[in-house]
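Colleague: Below you'll find the structure I mean.
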Amino acid sequence: MLALSLLLTVAAEAVVAFSGGDHIISQKGRQFQPGAVSLHPGERMTVVNDDANLVHHAYIEAPDLTFDSGDQAPADRTVITFPQEGDFMVLCGIHPKMKLAVHVR
Ligand SMILES: [Cu+2]
């Protein structure tokens, strides 16, 4: 398990080095932190479950972009890519009050 998370960390850092930037969003205490983020088209965002004992489930349902992380156990991370401009809302299928506004410009 530790080896796996180390591998994931290395993979995430490789992405950062390749794209020149990454955006890490934490899921903790039934909140996305931060609650809003600004990206450029084509950038990716990593959503990490930082809760010790809560499952999260990030999803987007927009006319031009849909995403579903599936259930995210503690320490799971998922990467979402935003190919085009727009304003998107990332929601959690388990905690309806969790909201993350993503502005892509
Ligand atoms: Cu949640």
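Colleague: Quick one: which of Ala73, Ala52 is farther than 18 Å from Gly93 by Cβ and aliphatic (A, V, I, L, M)?
Modeller: Ala52
Colleague: Among residues belonging to the range 80-105 that are surrounded by 17 or more Cβ atoms within 10 Å (Cβ to Cβ) and assigned to a strand (DSSP E or B), point out the one that is nearest to the ligand (Cβ to nearest atom).
Modeller: By that ranking, first place goes to Cys92.
Colleague: Looking at this structure, is Val48 more than 10 Å from the ligand (Cβ to nearest atom) and among the hydrophobic types (A, V, I, L, M, F, W, C)?
Modeller: Considered against the rule, which asks whether it is more than 10 Å from the ligand (Cβ to nearest atom) and among the hydrophobic types (A, V, I, L, M, F, W, C), Val48 comes out as yes.
Colleague: While we're on this one: Given Ala58, Ala62, Ala75, Ala52, which one is surrounded by 14 or more Cβ atoms within 10 Å (Cβ to Cβ), modelled with pLDDT of 95 or more and farther than 15 Å from Met98 by Cα? Before you say what the answer is, go through the steps one by one.
Modeller: Details: Ala58 fails: farther than 15 Å from Met98 by Cα; Ala62 fails: surrounded by 14 or more Cβ atoms within 10 Å (Cβ to Cβ); Ala52 fails: surrounded by 14 or more Cβ atoms within 10 Å (Cβ to Cβ).
Unique residue meeting the criteria: Ala75.
Colleague: I've got another one for you. Would you mention how many residues in the range 51-79 are within 15 Å of the ligand (Cβ to nearest atom) and not in a loop (DSSP other than H, G, I, E, B)?
Modeller: So the count comes out to 9.
The values are calculated or read from the model by the stated rules, or taken from the named source; none is laboratory data. It should be emphasised that the depicted structure is a prediction, and the values quoted were computed from it without experimental measurement. A quick note on method: Cβ atoms are made from the backbone with ideal geometry, for glycine too, and the neighbour counts reach across all protein chains shown.
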